[in-house]
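Some notes on the structure that comes next.
The values are calculated or read from the model by the stated rules, or taken from the named source; none is laboratory data. Everything quoted here is computed from the prediction, not taken from an experiment. Here Cβ is always computed from backbone atoms with ideal geometry, including for glycine, and neighbour counts include all displayed protein chains.
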Amino acid sequence: MLPDIDQQATLDVAAAIAVVRSKVEREGLVLKESADFALFEKTVRATADKYLMEDFSPRFFDLHGSSAFWVGAYDHLGHVVSVQACKLDDLRDRSLADHWQQQQRRIFVDPNPQARLGTEHAHDAYHMRGRIVYHGNLWLRRDMRGKGVAVPLTQLGFLLSLLKWSPDYHYGLMSSKSAQRGFGIRIGFRRFVPRGTHWNVAPGNIRADDWLVYSTRSDLYTLATSILRTCDEDPE
């Protein structure tokens, strides 16, 4: 596991949160954070995507404020524009790959015997241990795409995770197309592995081309300081 960031770093992270929040709110959006995942499910079902990831479903997990949160962005009419969620797992006794092997089987294979989970997951996942945050269920309403809000919205999730939990790793699973186009690096991921979970026969809602994308705690702190530095250089 990695050493905790110091008190000055905590202040920098809080300041960076204020910066990205301001960027989002300048677009006329209202941000709300919650640990109510029954409400998250209701909110997601009201979006055009409608897909609630199993990782954030109260049917599969007991999700509460000490280890999970979600953020919604709303327009002036109160309609949801964006959602995202983060969940912390304490994996000090096993690797992320070991965690996947157990969890993916339980939530995808047991209900769907046709699915076949493999064992050759992303290489780095076999070496990732400690306090690990999964960041997913990201959605942005189509009319807001290309307007410069996707990056600060997603960075907000990174920074809240860092401030709340100081995780060893913060990861997601991203399509190879998005990863290779550079979206991951723009939002804050710094490490990329061209494989995610390994499936011999994947369930219908699992992309076969997912990449593991992640940042260490140090990477997240560097993201926070770079946001502050950019703000100082270009206050507008």
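Scanning region 182-195 for residues that are more than 15 Å from Arg207 (Cβ to Cβ), of a type in the set (D, E, K, R) and assigned to a loop (DSSP other than H, G, I, E, B) yields a total of 1. Filtering region 50-74 to residues that are surrounded by fewer than 18 Cβ atoms within 10 Å (Cβ to Cβ) and in a strand (DSSP E or B) leaves only Tyr74.
Of the residues that make up region 75-89, is at least one under 20 Å from Leu138 (Cα atoms) and loosely packed, with under 12 Cβ neighbours inside 10 Å? Steps first, please.
Restricting attention to region 75-89, the residues satisfying the condition of being under 20 Å from Leu138 (Cα atoms) are 75, 78-89.
Still in the running and loosely packed, with under 12 Cβ neighbours inside 10 Å: 78-79.
So far as region 75-89 goes, yes, one or more of its residues are under 20 Å from Leu138 (Cα atoms) and loosely packed, with under 12 Cβ neighbours inside 10 Å.
Can you tell which of Ala224, Ala208, Ala125 is assigned to a helix (DSSP H, G or I) and under 20 Å from Gln103 (Cβ atoms)? If you could, list the steps in order and put the result at the bottom.
Details: Ala224 fails: under 20 Å from Gln103 (Cβ atoms); Ala208 fails: assigned to a helix (DSSP H, G or I).
The match here is Ala125.
Could you tell me which of the residues Asp49, Asp36 is more than 22 Å from Asp143 (Cβ to Cβ) and of a type in the set (Asp, Glu)?
Answer to the selection: Asp36.
Applying the set (1) of a type outside the set (Phe, Trp, Tyr); (2) closer than 27 Å to Asn112 by Cβ; (3) surrounded by 15 or more Cβ atoms within 10 Å (Cβ to Cβ) to Arg21 leaves exactly one unmet item: (2). Can you find a residue that is within 25 Å of Arg186 (Cα to Cα), modelled with pLDDT of 95 or more and surrounded by fewer than 22 Cβ atoms within 10 Å (Cβ to Cβ) anywhere in region 117-125? The answer is yes; a qualifying residue exists. Looking only at region 153-161, decide whether some residue is touching a Phe, Trp or Tyr at 6+ places or on another chain (Cβ under 6 Å) and of a type in the set (Gly, Ala, Ser). No.
If the condition is being within 30 Å of Arg26 (Cα to Cα) and more than 18 Å from the chain's Cα centre (by Cα), then region 48-79 contributes Ala48, Tyr74, Asp75, His76, Leu77, Gly78, His79.
Does Ala9 satisfy the condition of being assigned to a strand (DSSP E or B), of a type in the set (A, V, I, L, M, F, W, C) and crowded, with 16+ Cβ neighbours inside 10 Å? I'd like the intermediate steps shown before the answer.
Values: assigned to a strand (DSSP E or B): no; of a type in the set (A, V, I, L, M, F, W, C): yes; crowded, with 16+ Cβ neighbours inside 10 Å: yes.
No.
Number of residues in region 16-60 that are modelled with pLDDT under 95 and either touching a Cys at 6+ places or on another chain (Cβ under 7 Å) or among the aromatic types (Phe, Trp, Tyr) (or both) equals 2.
Has region 187-196 got any residue that is basic (Lys, Arg), surrounded by fewer than 16 Cβ atoms within 10 Å (Cβ to Cβ) and at pLDDT below 95? Scanning region 187-196, I find no residue that is basic (Lys, Arg), surrounded by fewer than 16 Cβ atoms within 10 Å (Cβ to Cβ) and at pLDDT below 95, so the answer is no.
When restricted to residues that are of a type outside the set (Gly, Ala, Ser) and in a loop (DSSP other than H, G, I, E, B), region 128-157 contains 6.
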